[in-house]
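Enquirer: Attaching a single structure in structure tokens format; questions to follow.
The values are calculated or read from the model by the stated rules, or taken from the named source; none is laboratory data. If you're wondering where the values come from, they're calculated on a predicted model, not measured in any experiment. For neighbour counting, all protein chains shown are included, and Cβ atoms are generated from backbone atoms with ideal geometry for every residue, glycine included. Remember, those area values only see protein heavy atoms, side chains included, never the ligands or the DNA or RNA. Shrake-Rupley method; radii C 1.70, N 1.55, O 1.52, S 1.80 Å.
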Amino acid sequence: MFAFIGVLAPALAQNAREVPLDRAQVQLSFAPVVQKASTSVVNVYATKMTVQRDSMFDDPFFRRFFGEDSPFFERRPRKSQSLGSGVVVQSDGMILTNFHVVDGADDIRVGFADGREYHTELMLADKKTDLAVLRIKDANGEKFPALEFADSDELLVGDLVLAIGNPFGVGQTVTSGIVSALARTGVGVSDYQFFIQTDAAINPGNSGGALVDMNGRLVGINTAIFSRSGGSNGIGFAIPASMAQFILTAAQNGGELVRPWLGARLQEVTGDIARSIGLPRKRGALVSEIYPNGPADDAGLKSGDVILMLDDRMVEDPEAFDFRLSTKPVGGEANLLVLRNGRDIELRLALKPVDKDAEIRQITVKGNSRFTGATMVQLNGYYRDELDLASSIEGVLVLQVQRGSPAQRMGLRPGDVIRALNGEQNLTLDRFQELVGEGARGWRLTIQRGNRVINSFISG
């Protein structure tokens, strides 16, 4: 059932990949590939209108004497424009680009290398993957040159690739290089970190452009560079085509992203852990917590298991697993190869999303209280995943805070976790409600806010 592609792939690809044998082969041109692919790469112009006023009116002195309604306080609209790249992936005018290129834009246009320009509509924008899908407006049946997707999982380190985009707004540019690494994590560009690394020069403005193979097929969407100077230092990153296809399919199906949910918390397998469980090297994703009644629980996963494979793909670390799972369509099943107590076990994982319609009990604090206006829920596995919190953190989660309410004035924010209240830890929602209802002269709070722990005292 499981194929170890790390062993098989080089053998399968041996005939397809050859190094140049003589000077004549080294001097071969990339021009045919460029001519095939470049017509599908567009410039993306994203315009955003912002309201601006003179900075002197930020001074309380001027606000006091002139007032907010003074004509001197007039706010002036200001137009700002960002420039990036995009890739036509369907002949009807569907285009992939980066989320950060079009984020907050009021108007988005695309321009082809031959000078044609079109207005577009935003079909889907996903911050977690840093991908967005546009569709050309008023195409009037016109067909556009579209790039074919390649299987990004078949890439090998050393494969030749071309990066096509519009760096610095100078016009369409092509750079060549190789795949210098695969499955790069820790880049910090998106939530799903599993990037293709290339030394093909990628510069500002290339974002959203195409990374193509020697057959002119799309293997990735260029998204970021590693640089201290702002220019290319030979380390660029692209989002694999497999993720781009998933986002495109979601846009075609109405724009709603539905991803499978594991229902478990994973952590890295360190060298010490690998030695203790008999792994020859550190790889896989260690299951540290199982959320009750979730897909992992139903599949039979247990804390302490190490996930080694998802279907026919190796799992090197938790980020790799999250990426692989997130590109699976919901509704079916996936095969897991798990190491448990020194033995390999195969499990079947149902590909189900989080049940958004499930009844999650929440309370909104009312009456005469410093917490009035805050909507709270019990912190559970789903919210820990969303907020990237450790499984050891317990308490009640602030879901919403009404504007102008006592809770907002006290400083509570959505996403805060109240871990302790007046010395009581591991708060349940019921106990929190009891304490707030009893009232107090003051409140000692321990709040988890992202990676920070805040201890404060608020008078009653």
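Enquirer: If you take the residues in segment 265-298 that are open to solvent by 20 Å² or more (accessible area, probe 1.4 Å) and small (Gly, Ala, Ser), which one is nearest to Pro353 (Cα to Cα)?
Expert: My answer is Ser288.
Enquirer: Taking segment 118-136 on its own, how many of its residues are more than 18 Å from Ser326 (Cα to Cα) and either touching a Cys at 6+ places or on another chain (Cβ under 6 Å) or touching a residue at least 24 places away in the same chain (Cβ under 8 Å) (or both)?
Expert: Going residue by residue through segment 118-136, those that are more than 18 Å from Ser326 (Cα to Cα) are 118-123, 134-136.
Of the ones still in play, those that are also either touching a Cys at 6+ places or on another chain (Cβ under 6 Å) or touching a residue at least 24 places away in the same chain (Cβ under 8 Å) (or both) are 118, 120, 123, 134-136.
Total satisfying the criteria: 6.
Enquirer: OK, next. Taking only segment 120-161 into account, find how many residues are in a strand (DSSP E or B) and of a type in the set (Lys, Arg).
Expert: Number satisfying all stated conditions: 1.
Enquirer: Can you tell me how many residues in segment 239-257 are open to solvent by 50 Å² or more (accessible area, probe 1.4 Å) and part of a loop (DSSP other than H, G, I, E, B)?
Expert: Total meeting the criteria: 3.
Enquirer: While we're looking at this one, here's another question. Against the condition loosely packed, with under 15 Cβ neighbours inside 10 Å, touching a Ser or Thr at 6+ places or on another chain (Cβ under 6 Å) and not charged (D, E, K, R), how does Pro167 come out, does it pass?
Expert: On the way: loosely packed, with under 15 Cβ neighbours inside 10 Å: no; touching a Ser or Thr at 6+ places or on another chain (Cβ under 6 Å): yes; not charged (D, E, K, R): yes.
Against the criterion (loosely packed, with under 15 Cβ neighbours inside 10 Å, touching a Ser or Thr at 6+ places or on another chain (Cβ under 6 Å) and not charged (D, E, K, R)), Pro167 does not qualify.
Enquirer: Now, a different point. Could you run through segment 312-328 and say how many residues are in contact with a helix residue (DSSP H, G or I) (Cβ under 8 Å, 6 or more places away or on another chain), open to solvent by 10 Å² or more (accessible area, probe 1.4 Å) and within 20 Å of Gln245 (Cα to Cα)? Outline the logic, then answer.
Expert: Kept after step one, since they are in contact with a helix residue (DSSP H, G or I) (Cβ under 8 Å, 6 or more places away or on another chain), are these residues of segment 312-328: 312-315, 323, 326-327.
Filter once more, keeping what is open to solvent by 10 Å² or more (accessible area, probe 1.4 Å): 312-314, 327.
Narrowing further to those that are within 20 Å of Gln245 (Cα to Cα): 312-313, 327.
Qualifying residue count, segment 312-328: 3.
Enquirer: Quick check, is Val401 of a type outside the set (D, E, K, R), open to solvent by less than 40 Å² (accessible area, probe 1.4 Å) and in contact with a Phe, Trp or Tyr (Cβ under 9 Å, 6 or more places away or on another chain)?
Expert: Spelling it out, it is not the case that Val401 is of a type outside the set (D, E, K, R), open to solvent by less than 40 Å² (accessible area, probe 1.4 Å) and in contact with a Phe, Trp or Tyr (Cβ under 9 Å, 6 or more places away or on another chain).
Enquirer: Of a type in the set (Gly, Ala, Ser) and either at pLDDT 90 or above or under 28 Å from the mean Cα position of the chain (by Cα) (or both): which single residue out of Gly423, Gly395 fits that description?
Expert: From the options Gly423, Gly395, the qualifying one is Gly395.
Enquirer: Can you tell me how many residues in segment 443-460 are surrounded by 11 or more Cβ atoms within 10 Å (Cβ to Cβ) and either among the aliphatic types (A, V, I, L, M) or out of contact with any Leu (no Cβ under 6 Å at 6 or more places or on another chain) (or both)?
Expert: Number of matching residues: 11.
Enquirer: For Met376, only one of the following conditions fails: (1) open to solvent by 10 Å² or more (accessible area, probe 1.4 Å); (2) more than 22 Å from the chain's Cα centre (by Cα); (3) not basic (Lys, Arg). What is its number?
Expert: Met376 satisfies all of (1) open to solvent by 10 Å² or more (accessible area, probe 1.4 Å); (2) more than 22 Å from the chain's Cα centre (by Cα); (3) not basic (Lys, Arg) except (1).
Enquirer: Just checking, does segment 405-425 include any residue being open to solvent by 40 Å² or more (accessible area, probe 1.4 Å) and of a type in the set (Val, Ile, Thr)?
Expert: No: zero hits.
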